[in-house]
Amino acid sequence: MEVEVNNVVHARVSTTFIITVVEKAYTIAKSKQRLDNLSVALVDTITIKMLNRKYRKQNRVTDVLSFNDPPEIVICWKQLVINAKTNKVRQKKELALLLTHGVLHIVGYDHKTQKERAVMQALTDKILQKLSLHWNF
């Protein structure tokens, strides 16, 4: 899979880390949906709010959005930093969580029902556990 990273906010994060997380999340999810390419964008609060309003009809900042056509994950870096501080985790772990969440949505997982939430959460936990073996977070 080809992964393009657009670090619009110039966050201090490794492109290699982003690509590896996306690829591992996709592999572990064992999706039947083929994903040849994916774009990841790290954006500011204005951009994510505009996208959230346009595509989800919610006029607020969110941490992550995912799109299927073309496949793209958009992460608000400032919200990621806030989430990490609130959840008392390293930014790297929060980034891995948001990337995993986005990948799972793109390959067909959702969390609209209790059952879907449980499946998606279990898979997220499995992916993050496997990733934590490679990175200390």
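Residue-wise HN-Hα couplings along segment 114-128, as the Karplus relation 6.51 cos²θ - 1.76 cosθ + 1.60 with θ = phi - 60° gives them from phi, are 4, 5, 4, 4, 5, 5, 5, 5, 4, 5, 4, 4, 4, 5, 5 Hz; Gly and Pro carry x. Computed from point charges on the beta carbon alone (+1 for Lys and Arg, -1 for Asp and Glu), the dipole magnitude for segment 2-132 about its Cα centre is near 560 Debye. Between SER31 and ASN136, what's the calculated FRET efficiency when r is the beta-carbon distance and R0 is 25 Å? Round to 0.05. For SER31 and ASN136, the calculated efficiency is 0.35. Multiplying the residue separation of VAL89 and ASN7 by 0.36 nm and subtracting their alpha-carbon distance yields 27.4 nm.
Its residue count N sets the reference 2.2 N^0.38 Å, and the alpha-carbon radius of gyration of the chain equals 0.98 times that reference. For ALA41, the residues 5 or more places off, or on other chains, whose built amide H falls under 5 Å of its own are ASN6, ILE73, VAL74, ILE75.
Other residues lying with their Cβ under 15 Å from the Cβ of GLU4 contribute a combined charge of -4, Lys and Arg counting +1, Asp and Glu -1. Normalising by residue count, segment 58-137 has a Cα convex hull of 111 Å³ per residue.
Past 26 Å, Cα to Cα, is the threshold; run LYS54/LYS92; LYS24/LYS88; LYS32/LYS115; LYS32/LYS130; LYS54/LYS85; LYS24/LYS115 against it and keep the listed order. Present the calculation step by step, with values, prior to reporting the outcome.
Working: LYS54/LYS92 28 Å; LYS24/LYS88 24 Å; LYS32/LYS115 20 Å; LYS32/LYS130 20 Å; LYS54/LYS85 28 Å; LYS24/LYS115 24 Å.
As for pairs spanning more than 26 Å Cα to Cα, those are LYS54/LYS92; LYS54/LYS85.
What does the charge add up to near THR62, with Lys and Arg as +1, Asp and Glu as -1, over the other residues with Cβ less than 15 Å from its Cβ? Net charge around THR62: +3.
Laboratory data are not the source of any read-out in this text; all were calculated from the coordinates shown. Note that the structure is predicted; figures quoted are calculated from it, not measured. Don't worry about glycine lacking a Cβ; one is built from the backbone with ideal geometry, like all the others, and counts go over all protein chains shown.
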